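Worksheet: one structure, shown below.
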Amino acid sequence: MDTNYARVFQHTGAVDKYEHVTYAPGSYASRINERQRAYLRALVRRSFPNQRPDQRPVQHDFACGTGRAIRSLHGLVREAHGYDTSTDMLAKAAEVGTRARLHAIPADGPVPQPAPADGPTLVTMFRLLLNVDDTVRDRALAFAAKALPDPGAGLLVIENHGNANSLRHLRAHRLRGQRWFAELSHDDVDRLLARHGFETVERRGFSMLTQGWYERRGLDRIARGVDSAASVLPGTDRYAVNVVYVARRLPR
């Protein structure tokens, strides 16, 4: 498994596959994205209740890829900025209609500076933390800390699409401990957040079942029903495969 994001997505073939195969209509990833989109829109409406256009939050989407998280919030943010190391990803984001200012950033070096913006802020990070090393994770969270300097600045929303406490983890035992996939536990995520001055204030699971259920005829409908119900039931996030964490900056 190649965990170097910058290397994997530096050519158009990989980007096209990501956008049109991984997220093909009805796919496992697209079903999760549909549930996440509904959740994100509801989260923004209740967390930033003043929806006058000039007082809506500004979104900074770190490792924005093709802009899926930005498009999920079209119409609910005052402006959006997408940051990515892959210029091919940014080109695809623009091609598919992502309404944002897109910023190419280096894969390493100093922490990128968030674009200047006044008012409430929302920082999002999807499909990044799982398949990168701690250096990249810390750099991403340091960016979030710059954009969110205090508890009143806004919210950070991050995704873990490989929860170590989920059913997906059981595959490691079937492979006699030889995992070919990455995992992060809730404790891992909480420690990462705490290291950069954040605390989790909300957690939501979006898939209890693994991708294989969606790819087997006769089981896909059951999987969709189970996961749709689990995404709105309290407590299921503990064992969900795909989990979203909402965090706020701790007081200094």
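The values are calculated or read from the model by the stated rules, or taken from the named source; none is laboratory data. Everything numeric here is computed off the predicted structure, so don't read it as measured data. Virtual Cβ from ideal backbone geometry, glycine too; neighbours counted across all protein chains shown. With ligands, DNA and RNA removed, areas are computed over all heavy atoms of the protein, side chains included. Shrake-Rupley method; radii C 1.70, N 1.55, O 1.52, S 1.80 Å.
What to note about this one:
- Computing Rg and Dmax of the Cα atoms in Å directly from the structure and comparing it against (i) 23.6, 74; (ii) 17.5, 55; (iii) 22.5, 89 singles out (ii).
- Cα centroid of region 228-252 to Cα centroid of region 21-65, whole Å: 15 Å
- FRET efficiency for the pair residue 216 and residue 17, taken as 1/(1 + (r/R0)^6) with r the Cβ-Cβ distance and R0 = 22 Å, rounds to 0.50.
- Label-to-label distance, nm, for residues given as residue 45 and residue 94 (7 Å Cα→Cβ offset): 3.3 nm
- The distance between label points at residue 101 and residue 135 comes to 3.0 nm (points 7 Å beyond Cα on the Cα→Cβ vector).
- Share of carbon and sulfur in the accessible area of the chain stands at 51%, probe radius 1.4 Å.
- Debye, to nearest 20: dipole size of the chain, +1 on Lys, Arg Cβ, -1 on Asp, Glu Cβ: 720 debye
- For the set 208, 125, solvent exposure ranked by accessible area (probe 1.4 Å, protein chains only) runs largest to smallest as 208, 125.
- Value of [θ]222 nm, deg cm²/dmol, for the chain, DSSP H segments ≥ 4, -39500 (n - 2.57) each, nearest 500: -10000 deg cm²/dmol
- Accessible surface for the chain, divided over its residues, is 49 Å² per residue with a 1.4 Å probe.
- DSSP beta bridge pairing in the chain, given as percent antiparallel to the nearest 5: 40 percent
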